[in-house]
Amino acid sequence: MALVDPFLAPGDDAEIDVDAVTARLDALEAAAPPGFRAEYIRGAIVMNRPVPIHSVTIFHLTQALVRIVPDGYVPLCDLWIGVAASPTAPDALPLSGFRGGVAASPTAPDALPLSGLRAGTAGSWIVPDIVVVEKAAMMAPGRVDDTRPLAAADVILAVEVLSQSTVDIDRGAKVDLWRQAGVDYWVVEPGDPWGAIEAHPFGGGRVDPENL
């Protein structure tokens, strides 16, 4: 589901600092129905609310990952990860693949071209279902209470459990973004405990799904 941020108009090229972007995404999540989360992906703010089987899969996968991640790393949920904008990336995320969901308002268009965000420092801000991150990076001075996105460089694995409303993004734009960042990426079919795993070892395959 894509929600519009009416604060920025198409063609607005003013740079926006990270704190301003964080405040905007926080405001969108606060205004949305319970359970929705916001991401900024290639020119669109995308919001999605997981269904129960999605949450069940995340729970089981997180428990399994605790046992197999390298020393010094932890699997965590609900973290914003910043992926730098690429000069070759498209300016906007095609939203034709979205299915289902509840619109933010009866008059809201499907996508907001946030050219100002992309022209600034934000790139794409992704909230994977699970990320495996270096614990030292999370606990570094100034990081513990910092609400800004964590750097992709601190991530060795990103996991998305497929949702019908965002399946084309999970298997499309996010594959490109994690390839660009050099981070391993799994796309997982929902299930109990989980379904099939499509593993993309863009970072060298430091976590092997065969060990789950």
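The values are calculated or read from the model by the stated rules, or taken from the named source; none is laboratory data. All values derive from a computational prediction rather than experimental measurement. FYI the Cβ positions are ideal-geometry reconstructions off the backbone, even for glycines, and counts take in every protein chain you see.
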- Take the residues of segment 150-167 that are surrounded by fewer than 22 Cβ atoms within 10 Å (Cβ to Cβ) and not hydroxyl-bearing (S, T, Y): which is farthest from P52 (Cα to Cα)? A153
- Message: I need the full set of residues from segment 185-197 which are touching a residue at least 40 places away in the same chain (Cβ under 8 Å) and crowded, with 17+ Cβ neighbours inside 10 Å, in order please.
- Response: V188, P190, W194
- The one condition V74 fails out of (1) surrounded by fewer than 22 Cβ atoms within 10 Å (Cβ to Cβ); (2) out of contact with any helix residue (DSSP H, G or I) (no Cβ under 6 Å at 6 or more places or on another chain); (3) modelled with pLDDT of 50 or more is (2)
- Task: Starting from segment 40-55, take each residue that is on the phi > 0 side of the Ramachandran plot and list its partners that are part of a strand (DSSP E or B) and modelled with pLDDT of 75 or more, counting only C-beta distances under 8 angstrom and pairs at least six apart or across chains.
- Result: R42/S124
- Among the candidates T121, T147, which residue alone is among the polar types (S, T, N, Q), surrounded by fewer than 17 Cβ atoms within 10 Å (Cβ to Cβ) and either under 13 Å from the mean Cα position of the chain (by Cα) or at pLDDT below 65 (or both)? T121
